[in-house]
Structure formats: structure tokens, C-alpha cells
1. Let me spell it out: the conditions are (1) in contact (Cβ under 8 Å) with a residue 60 or more places away in the chain; (2) outside any helix (DSSP H, G or I); (3) hydroxyl-bearing (S, T, Y); (4) under 19 Å from H187 (Cα atoms), and T255 meets all of them except one. Which number is the exception?
2. Looking only at helices (runs of 4 or more DSSP H) that fall completely inside the range 145-202, which ones have 1 or more residues that are in contact with a helix residue (DSSP H, G or I) (Cβ under 6 Å, 6 or more places away or on another chain), modelled with pLDDT of 95 or more and among the basic types (K, R)?
3. Considering only residues that are more than 14 Å from M208 (Cα to Cα) and without any contact (Cβ under 8 Å) to a residue 40 or more places away in the chain, which ones fall in the range 71-92?
4. The conditions are (1) in contact with an Asp or Glu (Cβ under 6 Å, 6 or more places away or on another chain); (2) over 14 Å from L285 (Cβ atoms); (3) among the hydrophobic types (A, V, I, L, M, F, W, C), and I194 fails exactly one of them. Which is it?
5. Restricting the search to the range 254-290, which residues are over 27 Å from D45 (Cα atoms) and touching a Ser or Thr at 6+ places or on another chain (Cβ under 8 Å)?
6. Give the residue that is most open to solvent (accessible area, probe 1.4 Å), with candidates limited to residues of the range 89-105 that are within 19 Å of F125 (Cβ to Cβ) and not in a loop (DSSP other than H, G, I, E, B).
7. Do you know which residues across the range 34-69 are within 15 Å of Q15 (Cβ to Cβ) and either touching a Ser or Thr at 6+ places or on another chain (Cβ under 6 Å) or open to solvent by less than 10 Å² (accessible area, probe 1.4 Å) (or both)?
8. Quick one: is Y244 free of Cβ contacts under 8 Å to residues at least 24 places away in the same chain, of a type outside the set (A, V, I, L, M), open to solvent by 20 Å² or more (accessible area, probe 1.4 Å) and farther than 23 Å from N170 by Cβ?
Amino acid sequence: MKTIKLPGFGSLGAQAIDIDLNTASDLDLMDLGALVFNELVVYVDAKGASISPQRYHYIQSLWGNPVVSNARPKLEELIKQEGMTKLIAETLSDIKKMRGGLEDLRGMIRVTGIKDEKGRRTGMFADGELEWHSNQQSDNSGYAPLIGLQGVEGTEGSSTEFLQTVDAFNDLSQELQSEVRELIAIHSFDKDKICKGTSDSQALITQMHLVPNDGAEMPVIATAPNSMTGMHFPWTSIVGFKGYSQKEFESLYTTLVNHLWQDKYVYKHMWKDGEIVWMDQIVTLHRRPGTDTGKRLLHRMCSDWSNILNDSLHY
């Protein structure tokens, strides 16, 4: 398979340039999966990736088990604690709508700001900003280390940015690397830091996906399924480091954020309809610059790496 490196993503990231996902054999598709596994972020352009949602689901399912969002079960826990509220009812409606047309495709949802004829949202991350994050950034109860995004319609002119922390960690001084290896981050959901401007129901969905429990603790050092060491540092929800004073936390936090958010670690993908981008969720971050999602539709699928990990040819 021919590939080219992604600009601004350090030593990682690739575009597969000579594969047609409509006609590729399962063996070729497993080779593509191994490429994603090793490079962390990979995309196939519209020429090779203009496929049906069913074919897209089949391909990613070859690599591992689809993973269903655990947002609804967490909302049901809230209902037991607080009873049904207007906000939870609206949120459950949003969750149902974002599965519209994809009900038989396990692990796949709509990401869009498009509304139906009654003015109801039809997808996740429907409006507002969407700052640096990773799926389940403070919670591994619904572990899904791989997410794919398929551009369906209205994506032209929009973008997604990806930041990888493997090179960033390796570029730290030995002293800082040693400190980071021992860091435990404390997470809390702050709508204005993660998804400013979104509706309350969409914010609750985002919270259930990213930071369902305030005060959750996660190690900062992380190992991707391909054994690469980097940092699990979705800083939009990090409010402290365990054992650090507020002053100590703020100093180190600022140092790490400024180090990570450099152009040499960030790839900006400009979307075209038909493209598919796959991304790691352990040692990479991503964000959506801008807030105009009213015409843009993507299909998002979560899965694990079980079949790639079990295939000795691609481990």
C-alpha cells in the first residue's frame, strides 16, 4: 500500500493513496487497519473512500469489535438518582436521533448540526465549539481506542485538527519525562472549556462521553495499543494533579499545554465529502475549529483493536 506522511504530525500519521475501499480485499483492508494501528491517524481521500455506511461499518469491524456509547446507561443512572427531568428527556431524544438511519450499524452515530423538519437536532456535537478532547478522556468504562469519521455531506470548508503526544513526550527533558510518568490528572467537566456555546442537552451528551464523573483521576502517561508511549492529556478537563498545590499544578499544566500545542505536533485535516479519517483515542487529541455545523454530516464509529491485536501478521 502506498502512503504519504501527514504534514505537521511529527513522525506519525499517513494518507493511504492507492486503495479503493469499495473493492479492496479483506487482506488489503487488514493492511490498512495495521497502518492506522501503527500511525495513529490515517485518512483515505474521497476517490478511495466514497462508500456506503454499511461498507464503512464492515471495514472497521474487520479490525475489532464495534463499541456502543455508554452515554445512555450513564443517563439512566442519573434518572435513578434524580428522576426524569426535562433536560434528561431532551438528551435522550437527541441520543435517539443521532442513531437515525444507522440503527443496525453497531457503534456508529451521526455527528451533525443538521436539524429535522421540527427543528430537532439529528446528531451529536451539533453546535457550539468543540475543543481539544479524546473519547472517554477521564473514563475507560466503555473502552474504544479507535474512532473513525466519515464525511457524508456538507463537509467542504470545515476541518478537524489532530495532535499527537508521542513525539511531544519524547521531546520533553528527561526531568520532565520523569515527572510526567508519575502524574495523576484530576478531571472535571466544564462546558465552556470543552463545548462552549452548545445546548444543555448536547453538553450533557458530551459530558457523558468524556467526563461523566467530576473528580475522576487518570494517569497522564499512556501507552497506545501499538505500545507507543505518549501522554493522555486532554487538558480541557484537567483541573489538578494529585498531590500538587494549585500553584504547582498551574505552573506545570501551563508548561505542558504550551509544549503540546505546537504546529509540529498538529495535523489539520480539511474535509471533503466521502473521505474517512481514523484516529487513536489514547495518545492523540482532536478538535473541531469553528462552530458552523448546520450543513455538515459525518458518521462516527467507535471500535477496539481486537482483530488487529489477534492477527500475528499485523501486531
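The values are calculated or read from the model by the stated rules, or taken from the named source; none is laboratory data. Small disclaimer: the values here were computed from a predicted structure and weren't measured. Cβ sites come from the backbone with ideal geometry, for glycine too, and all protein chains shown count toward neighbours. When the accessible area is computed, the model is the full protein with side chains, heavy atoms only, and any ligands, DNA or RNA have been set aside. Shrake-Rupley method; radii C 1.70, N 1.55, O 1.52, S 1.80 Å.
1. (2)
2. 191-194
3. Across the range 71-92, the qualifying residues are K80, Q81, E82, G83, M84, T85, K86, A89.
4. (2)
5. Listed by number, the list holds a single entry, L260.
6. Only one residue fits best here, namely K96.
7. Listed by number, the residues that qualify are V36, L40, V41, V42, V44, G48, A49.
8. On the way: free of Cβ contacts under 8 Å to residues at least 24 places away in the same chain: yes; of a type outside the set (A, V, I, L, M): yes; open to solvent by 20 Å² or more (accessible area, probe 1.4 Å): yes; farther than 23 Å from N170 by Cβ: yes.
So Y244 fits the description; yes.
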